[in-house]
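Novice: Let me give you the structure first, and then I'll get to my questions.
We did not get these values from a lab; they are worked out from the coordinates using the rules stated. Only a predicted model underlies this, so the values are computations on that prediction, with no experimental measurement involved. Cβ atoms come from the backbone with ideal geometry, glycine included; neighbour counts cover every protein chain shown.
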Amino acid sequence: MDLRAKELDRNDALAGYRKEFYIPDGKIYMDGNSLGLLSKRAERTLYELLDSWKVLGIDGWTEGERPWFYLSEQIGEMMAPLVGGMKGEVIATGSTTTNLHQMTSTFYKPKGKKTKILADELNFPSDIYALKSQLQLKGYDPAEHFIQVKSADGRYLRETDIIDAMTDEVALIVLPAVLYRSGQVLDMERLVEAANERSIPIGFDLCHSIGAIEHSLHDWGADFAFWCTYKHLNGGPGSVGGLFIHERHFGKTPGLAGWFGSNKQSQFDMNHTMDVAGDAGAYQIGTPHLLSLAPLIGSLEMLQEVGINQIRSKSFQLTDYMMELIREHLSDYGFTIGNPDNESRGAHLLLEHPEAARICKALKADGVVPDFRAPNGIRLAPVALYNSFVDVWQTVEKLRIIMEEKRYEQFENKRGVVA
Ligand SMILES: *Cc1c(COP(=O)(O)O)cnc(C)c1O
């Protein structure tokens, strides 16, 4: 066992949080960027919600310790510090993809020759499908009106390339904050500044950045952002997503309206003229998915307690240590490191290898849970709240043995249905 890993664990101020989580038995979990683990606090707040239903029935909306009617706003408030949002700018609602549809329906206002949507060629497919379908809804052919900024190497984007593409034909910009494959953190502040100068609305997908790095969306002046909560926020499979809208847009009419976007005082007047909420709450559509909100209360409590600065700092140390071990022990086996080697690295690493699919299977067979991304990527995410430096050491050591003994050859080089 590596002494240095043990030493790093001894000096880790966050080491105590590991025991707050259910770590799958006998596993080294390196997939928190796809699905964060269950914590005891999240489990508790989910059971508390079930209990309020059991005990209160319909009265749970307004009674009990956490009346359901206000929960989306309260969880929004708990997420606000993670994105740099001010009071009222953040709401828990929808999913990444539905929130992107909501934001595009609200901000994409093509006019004259200003019709194009600017995105990139490395973003997650769902974002691309959503944006293209929004163009089609408005009668524009994506082949002509959808611009995807190119990447020179298939891994990274250059901010200058994105800014150069912000022409006067662009009506909306949507970009990821952290790229889901390479983990590159885009310079959001710089991109927002350029978009604001050109009066083009700009929004970010924070799926891989929320709970992993700091954001100052309000101060930067971003128009909107949206994210899921089942990755670094540990909200559980399919947990309710989040949305940020800058306060300068409060009072705007949501593109997709529904009664839960109403002013809370008047919602139950049941008028056919909507009294739109004066903050981010306006972008809710229907009844909140309470059972999928509840785990977030416990999970976010923990993130609040620790603070995103400490999380980022340990996460960076973990990935730094992992890269050092990879260079030291895996250099003979044909891997390419596909993530940035500096501060523009998010919270996961990407190892590229032609046999990646079956190397992942061999890792799983050996108790390490990685994540495969077609065609050739192995993502490894040591998570600040529940992974140790010893986990990192063991992962690289197991990988070394798999490569050394060619153990991956027993498996087919093909991905599973969910990878
Ligand atoms: C995880 C992820 C999604 C998933 O969207 P859902 O609507 O939650 O299914 C979308 N975009 C990015 C960038 C992601 O990382």
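Novice: Report the local net charge at GLU412: Lys and Arg +1, Asp and Glu -1, summed over other residues whose C-beta lies under 9 Å from its C-beta. Intermediate results must be reported in sequence, preceding the final value.
Specialist: Numbers: positive: ARG358, LYS361, LYS414; negative: none.
Summing Lys/Arg as +1 and Asp/Glu as -1 gives +3.
Novice: Could you give each residue of region 39-47 its phi-based ³J(HN,Hα) in whole Hz, using Karplus coefficients 6.51, -1.76, 1.60 with θ = phi - 60°, and x for Gly or Pro?
Specialist: So the J values, rounded to whole Hz, are 9, 5, 5, 5, 4, 4, 5, 5, 5.
Novice: Here's something else I'd like to know. Add -39500 (n - 2.57) for each DSSP H run of 4 or more in the chain, then divide by its residues: what number comes out at 222 nm, to the nearest 500 deg cm²/dmol? Don't jump to the answer; show the numbers that get you there.
Specialist: Numbers: 13 runs with 152 residues, N = 419.
About -11000 deg cm²/dmol.
Novice: Dividing the Cα convex hull volume of region 45-305 by residue count, how many Å³ per residue is that?
Specialist: It is 124 Å³ per residue.
Novice: Also, I was wondering about something else. What does the extension gain come out to for SER313 and THR62, with contour length at 0.36 nm per residue minus their alpha carbon separation? Please list the in-between numbers first.
Specialist: On the way: separation 251, 0.36 × 251 = 90.36 nm, distance 3.98 nm.
In short, 86.4 nm is gained.
Novice: Please give the Cα centre distance for region 189-237 versus region 337-399, rounded to the nearest Å.
Specialist: Cα centroid of region 189-237 versus Cα centroid of region 337-399: 25 Å apart.
Novice: Count the net charge of all other residues whose Cβ sits under 13 Å from the Cβ of ASN342, scoring Lys and Arg as +1 and Asp and Glu as -1. Don't jump to the answer; show the numbers that get you there.
Specialist: Details: positive: ARG345; negative: ASP187, ASP320, ASP341, GLU343.
Net charge around ASN342: -3.
Novice: Calculate, in nm to one decimal, what TYR129 and VAL55 gain on full extension: separation in residues at 0.36 nm each, minus their alpha carbon distance. Walk me through the intermediate numbers first.
Specialist: On the way: separation 74, 0.36 × 74 = 26.64 nm, distance 4.26 nm.
Result: 22.4 nm gained on full extension.
Novice: May I ask you to list the lysines whose Cα is less than 22 Å away from that of LYS398, ignoring any residue fewer than eight positions away on the same chain?
Specialist: Answer for LYS398, where 22 Å is the Cα cut-off: LYS6, LYS27, LYS361, LYS364, LYS406, LYS414, listed by chain and number.
Novice: Let me ask something else about it. Take ASP366 and PHE411, extend 7 Å from each Cα along the Cα→Cβ direction, and tell me the distance between the two endpoints in nm.
Specialist: Taking the two extended label points, one gets 1.0 nm.
Novice: At what distance in angstrom do the alpha carbon centres of region 402-417 and region 87-112 lie from each other?
Specialist: First find each Cα centre; the distance between them is then 42 Å.
Novice: Sticking with this one: Find out how many positive minus negative residues lie around SER299, taking Lys and Arg as positive, Asp and Glu as negative, among other residues whose Cβ is under 14 Å from that of SER299. Intermediate results must be reported in sequence, preceding the final value.
Specialist: Working: positive: LYS40, ARG41, ARG44, LYS231; negative: GLU20, GLU43, GLU48, GLU301, GLU305.
Charge balance near SER299 sits at -1.
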